[in-house]
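Peer 1: Before anything else, here's the structure in question.
The values are calculated or read from the model by the stated rules, or taken from the named source; none is laboratory data. The shown structure was predicted, so the numbers you read here are calculated from the model rather than taken from an experiment. Heads up, the Cβs are rebuilt from the backbone with ideal geometry, glycines too, and the neighbour counts pull from every protein chain shown.
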């Protein structure tokens, strides 16, 4: 991983670390920064905007002009009636960017954006979700900062910041950790980790340990989202019923937000991350899966949709043609696939 990708992985590490500084501070004072409802009714906070600006700035400073496919844009903050919100966002960004101004922040949020509405994207671009799992962020629980580099339809580099995820597997997911973790990977190297609260120059990367062997007869540990559509939740419940009918024991699903789910499967803490299709025509956003999928794959986890197809990162801003998500240790994936597939095609 530390060869041709070295400058890129270093820049991504710095960017995600700085974004974690911002998001941690905002989360601590969240009562003063209420969530905003976007047009699609999903929540966003000043931390989403500030983190996106900080990540874009750091990558440009280290790597020059870049193309970004990112979740947020500055239109909401540019409304003169939201001047106070803009100032709060600037103050948050200054935790990592001390001389940031309002104009700086707005420009950085938008600079290099290629736009999620475009089916055709550049051959090389960064994709960013500055806070994946905003509802978890608002609750004071798990969320992630999700950055990946896509080249010619392949995810080639990933940086996944999990500011509340503990290195201690015994710590409940709902209990935020004081240090957090950053997971880093490239398409040709191992998964590396570092403490989220330590500046990259002050910490040594550690190779992610191989997942411990599991007893094939042990109950399967599954994780899912706090919030999902009624359709996907109903389908997931039917998969569990199918497994129970076949005598396959499953631990009651652990609920946590964001691409943290990819990370806990990658390190062997969980066996399965399952997201059944929400509807026949629903397509997942690239930024919601790019870094997590590479980290899980480089850790030896099988990452497919619910029909066993690889995730399609060559279809523009969405995973074109994929149905749901099925992420699992290889032996578990093979064992559960018939049940998942049967439910996904009905």
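Peer 1: How many of the residues making up region 127-162 are surrounded by 24 or more Cβ atoms within 10 Å (Cβ to Cβ) and more than 26 Å from residue 189 (Cα to Cα)?
Peer 2: Of the residues in that region, 4 qualify.
Peer 1: Answer yes or no: is there a residue in region 232-246 that is more than 17 Å from residue 301 (Cα to Cα), modelled with pLDDT under 95 and assigned to a strand (DSSP E or B).
Peer 2: Checked region 232-246: no residue is more than 17 Å from residue 301 (Cα to Cα), modelled with pLDDT under 95 and assigned to a strand (DSSP E or B).
Peer 1: Among the residues of region 65-90 satisfying the criterion of being assigned to a loop (DSSP other than H, G, I, E, B) and within 17 Å of residue 128 (Cβ to Cβ), which is nearest to the chain's Cα centre (by Cα)?
Peer 2: Among those that are assigned to a loop (DSSP other than H, G, I, E, B) and within 17 Å of residue 128 (Cβ to Cβ), it is 71.
Peer 1: If you don't mind, there's one more thing I want to ask. Of the residues 235, 241, 209, which is within 25 Å of residue 331 (Cα to Cα) and surrounded by 16 or more Cβ atoms within 10 Å (Cβ to Cβ)?
Peer 2: Going through 235, 241, 209 in turn, just one is within 25 Å of residue 331 (Cα to Cα) and surrounded by 16 or more Cβ atoms within 10 Å (Cβ to Cβ): 235.
Peer 1: Another question, if that's okay. For region 303-336, what are the residues that are within 17 Å of the chain's Cα centre (by Cα) and either closer than 24 Å to residue 221 by Cβ or not assigned by TED's automatic domain parsing to the domain that holds residue 250 (or both)?
Peer 2: 303, 304, 305, 311, 324, 325, 326, 327, 328
Peer 1: Right, here's the next one. I'd like to know if region 313-331 contains one or more residues that are assigned to a helix (DSSP H, G or I) and farther than 15 Å from residue 235 by Cβ. Even if it seems obvious, please write down each step before you answer.
Peer 2: Restricting attention to region 313-331, the residues satisfying the condition of being assigned to a helix (DSSP H, G or I) are 330-331.
Those still in the list that are farther than 15 Å from residue 235 by Cβ too: 330-331.
Within region 313-331, one or more residues are assigned to a helix (DSSP H, G or I) and farther than 15 Å from residue 235 by Cβ.
Peer 1: Restricting the search to region 63-86, which residues are surrounded by 15 or more Cβ atoms within 10 Å (Cβ to Cβ) and under 16 Å from residue 125 (Cβ atoms)?
Peer 2: 63, 66, 67, 68, 69, 70, 71, 72, 73
Peer 1: Check whether at least one residue in region 109-129 is assigned to a helix (DSSP H, G or I), in contact with a helix residue (DSSP H, G or I) (Cβ under 8 Å, 6 or more places away or on another chain) and at pLDDT 95 or above, and report yes or no.
Peer 2: Filtering region 109-129 for residues assigned to a helix (DSSP H, G or I) gives 109-110.
Checking the rest, the ones that are also in contact with a helix residue (DSSP H, G or I) (Cβ under 8 Å, 6 or more places away or on another chain) come to 109.
Narrowing the set further to residues that are at pLDDT 95 or above leaves 109.
Yes, because at least one residue in region 109-129 is assigned to a helix (DSSP H, G or I), in contact with a helix residue (DSSP H, G or I) (Cβ under 8 Å, 6 or more places away or on another chain) and at pLDDT 95 or above.
Peer 1: If you don't mind, there's one more thing I want to ask. Of all the residues that make up region 273-312, how many are within 22 Å of residue 186 (Cα to Cα) and in contact with a helix residue (DSSP H, G or I) (Cβ under 6 Å, 6 or more places away or on another chain)?
Peer 2: Of the residues in region 273-312, 9 are within 22 Å of residue 186 (Cα to Cα) and in contact with a helix residue (DSSP H, G or I) (Cβ under 6 Å, 6 or more places away or on another chain).
Peer 1: Filter region 197-229 down to residues that are touching a strand residue (DSSP E or B) at 6+ places or on another chain (Cβ under 6 Å), modelled with pLDDT under 95 and assigned to a loop (DSSP other than H, G, I, E, B) and give me whichever is nearest to residue 148 (Cα to Cα).
Peer 2: 205
Peer 1: Can you tell me which residue among 173, 183 is outside any strand (DSSP E or B), in contact (Cβ under 8 Å) with a residue 40 or more places away in the chain, surrounded by 16 or more Cβ atoms within 10 Å (Cβ to Cβ) and in contact with a strand residue (DSSP E or B) (Cβ under 7 Å, 6 or more places away or on another chain)? Don't jump to the end; show me each part of the working.
Peer 2: Numbers: 183 fails: outside any strand (DSSP E or B).
Testing whether each residue is outside any strand (DSSP E or B), in contact (Cβ under 8 Å) with a residue 40 or more places away in the chain, surrounded by 16 or more Cβ atoms within 10 Å (Cβ to Cβ) and in contact with a strand residue (DSSP E or B) (Cβ under 7 Å, 6 or more places away or on another chain) leaves just 173.
Peer 1: What do you reckon, is residue 161 under 20 Å from the mean Cα position of the chain (by Cα), in contact (Cβ under 8 Å) with a residue 12 or more places away in the chain and either more than 22 Å from residue 54 (Cα to Cα) or assigned by TED's automatic domain parsing to the domain that holds residue 256 (or both)?
Peer 2: So residue 161 fails the test.
Peer 1: Does residue 194 qualify as being touching a helix residue (DSSP H, G or I) at 6+ places or on another chain (Cβ under 6 Å), at pLDDT 95 or above and crowded, with 18+ Cβ neighbours inside 10 Å?
Peer 2: No, not satisfied.
Peer 1: What do you reckon, is residue 262 touching a helix residue (DSSP H, G or I) at 6+ places or on another chain (Cβ under 8 Å), closer than 23 Å to residue 164 by Cα and part of a helix (DSSP H, G or I)?
Peer 2: Here the answer is yes, as residue 262 does meet what is asked.
Peer 1: Condition check: modelled with pLDDT of 95 or more and closer than 14 Å to residue 277 by Cα. Does residue 307 satisfy that?
Peer 2: Against the criterion (modelled with pLDDT of 95 or more and closer than 14 Å to residue 277 by Cα), residue 307 qualifies.
Peer 1: Inspect region 286-301 for any residue being modelled with pLDDT of 95 or more and part of a strand (DSSP E or B) and give the result as yes or no.
Peer 2: yes
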